[in-house]
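Novice: Before we start, here is the structure in question, set down as structure tokens.
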Amino acid sequence: MGDVFSREKCYDNVQIVQRLIRPETGRRNPEHSEDTNMGIREDVHAMKLSAPHMAAVSGEKRNAALAAISEALEANKEEIFAANRKDLARAEENGISQAVTKRLKFDEGKLKAVREGISQLISLPDPIGKVQIDRELDEGLRLVRVSCPIGVIGVIFEARPDALVQISTLCLKSGNCAVLKGGKETAETNKVLFQVIRGSAVASGLPEGCLLQATAHSEISELLGCEGDVDLLIPRGSNAFVRYIMDNTKIPVMGHADGICHTYVDRDCDFEKAVPVLVDAKIQYTAACNATETLLVDRKIAAEFLPKAADALRAAGVTLRGTGEAGKILAEAEEKRGGTPVPFELMEGEDFRTEYLDMILSVKLVDGVEEAVDHINRYGSHHTDAILTENDETAEYFMQMVDSAGVYRNCSTRFADGFRYGFGAEVGISTSKIHARGPVGLEGLMTYKYRLYGSGQTVKDYAEGTRQFHFRELN
């Protein structure tokens with residue numbers, strides 16, 4: 001029996017597994033299988049069996065893998081950039097919008113940002129094995145609840161190469177295995193990034209099944225059918241796409257469909273502070289789900305504030321549309337200056353459910369914070385909403401009553417981001433109230449298990465009253 005479990009035998013088995021794995025995707029090689037038309041299901045099932053081994057890897061080894069990944073990204077950056085240029089050229093040929101193209105780009109700036117995110121991840125405490133409950137139920141009967149990884153996470157994300165780096169490194173740090181499916185628009189970049197990341201992870205001692213890349217669009221449907229093997233799905237993309245995922249799988253889904261974020265400018269705001277914050281919230285990255293899409297202004301200051309804000313927004317290239325009341329104020333202000341009225345499209349009601357992801361902003365006037373809150377809760381997506389005010393009482397009302405994952409005071413909605421929260425990065429943003437909410441970082445990728453340590457107790461003893469629980473907290 002000893003020979004079966006010898007180091008030499010284990011090494012031989014590892015070599016066999018490595019020959020069966022395609023390094024560019026983490027998938028098995030069909031030429032070594034009887035099924036040459038093998039889909040993703042068997043690979044995901046094999047990953048599920050690897051998940052406990054991934055969860056058992058020490059924090060030191062996971063951090064070492066992350067450090068190796070960061071170095072490898074720098075060492076292979078020219079190959080990554082070359083692949084990205086191919087994706088950008090194809091996007092231009094296909095007439096993809098500038099807003100989307102901006103997301104596709106992976107350059108020195110993006111590389112620096114993802115490496116900073118990895119460094120931040122490494123510095124964070126190991127999330128695995130944290131004791132959440134340590135309770136003596138009775139003498140010799142101890143209950144401990146400890147944090148552990150979710151297991152296998154499937155992430156289907158939009159055309160952002162940096163998202164692949166953020167998602168994969170977060171999953172590795174948290175001890176999860178990950179199935180990654182990126183957008184076809186960045187197929188070349190994602191291919192090289194995945195090879196670099198997975199190669200460094202496995203070379204650092206992480207299990208072969210830690211990461212897997214789905215490359216074909218048809219594999220999305222297969223992935224949605226992997227209930228029992230995939231523990232959680234996180235879709236990142238358009239409203240329609242996220243809804244499709246939610247409606248076509250039995251696997252738990254975490255995420256959000258819309259990013260209809262608001263900035264409310266209160267009567268007690270500081271104009272000099274408010275205008276730059278508003279402009280940043282709209283234009284800093286218009287294609288992001290945390291960009292402000294609707295501006296709400298208190299009627300008491302609208303005649304003075306709205307023209308100032310409109311000047312700054314239009315100077316930045318933003319087109320305004322909104323209610324007739326808001327349009328009238330802007331037209332009158334322009335007339336007083338002797339200018340030509342700027343086109344202003346009228347909108348009302350359900351139009352305020354629009355997520356632009358573009359240089360367009362909805363505008364509406366409200367009678368104070370109560371009406372602002374009512375509008376946000378009615379038309380918003382419960383993502384991130386901000387109030388600009390110097391009134392503490394008004395701010396507290398807003399932050400208490402707005403039913404969103406993020407509620408801000410006197411700052412841009414663009415701060416809704418895992419890296420900016422100190423999470424290292426994020427796998428996405430959740431508007432759900434179950435499990436994780438807001439930017440999903442390490443904690444959002446963890447669950448827990450109960451460990452019960454006994455010394456021969458039976459439930460019969462307690463049912464018949466021969467023994468009693470005393471429930472004493474130990475730590």
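Novice: Starting with the fewest neighbours, write out R414, R420 ranked by other beta-carbon atoms found within 10 Å of each beta-carbon.
Specialist: Numbers: R414 23, R420 12.
Sorted ascending by nearby Cβ count, the order is R420, R414.
Novice: Roughly speaking, what is the stretch gain from K130 to K61, that is 0.36 nm per residue apart minus the C-alpha to C-alpha distance, in nm to one decimal? Kindly include the intermediate steps, with their values, before the conclusion.
Specialist: Working: separation 69, 0.36 × 69 = 24.84 nm, distance 1.75 nm.
Difference between extended and current length: 23.1 nm.
Novice: Among 333-339, 233-239, how do they line up from the highest to the lowest mean number of other beta-carbon atoms within 10 Å? If you can, show how the numbers build up before the last one.
Specialist: Working: 333-339: 11.6, 233-239: 20.4.
The peptides rank, most packed first, as 233-239, 333-339.
Novice: Give me the distance in nm between label points sitting 7 Å out from Cα along the Cα-to-Cβ direction at S238 and A203, one decimal.
Specialist: It is 3.9 nm.
Novice: Roughly what would the spin-label model give for Q284 and A315, points 7 Å off Cα along C-beta, in nm?
Specialist: 1.9 nm
Novice: Here's a follow-up. Along the range 432-449, what does the Karplus equation 6.51 cos²θ - 1.76 cosθ + 1.60 (θ = phi - 60°) give for ³J(HN,Hα), rounded to whole Hz, x for Gly and Pro?
Specialist: Values per residue, Gly and Pro as x: 6, 9, 9, 6, 9, 9, x, x, 9, x, 4, 4, x, 9, 10, 10, 8, 9 Hz.
Novice: Kirkwood Rh, the range 8-247, all Cα pairs: how many Å? All intermediate terms of the calculation are to be shown ahead of the outcome.
Specialist: On the way: mean 1/r = 0.0527 Å⁻¹.
So the Kirkwood estimate lands at 19.0 Å.
Novice: Over the chain, what is the percentage of antiparallel beta bridges among all DSSP beta bridges, to the nearest 5? Walk me through the intermediate numbers first.
Specialist: On the way: 20 of 58 bridges.
Close to 35 percent.
Novice: Using the alpha-carbon atoms, what tilt in degrees (0 to 90, nearest 10) does helix 108-123 show relative to the longest principal axis of the chain?
Specialist: 50 degrees
Novice: Shifting gears a bit: Given (1) 26.2, 94; (2) 32.3, 103; (3) 23.1, 75, which label gives Rg and Dmax of the Cα atoms in Å as computed from the coordinates?
Specialist: Among (1) 26.2, 94; (2) 32.3, 103; (3) 23.1, 75, the one calculated here is (1).
Here, each number is a calculation from the coordinates, and none is a lab measurement. Computed from a prediction, not measured in an experiment: that's the story for all the values here. Please note: Cβ atoms are built from the backbone with ideal geometry, for glycine as well, and neighbour counts cover all protein chains shown.
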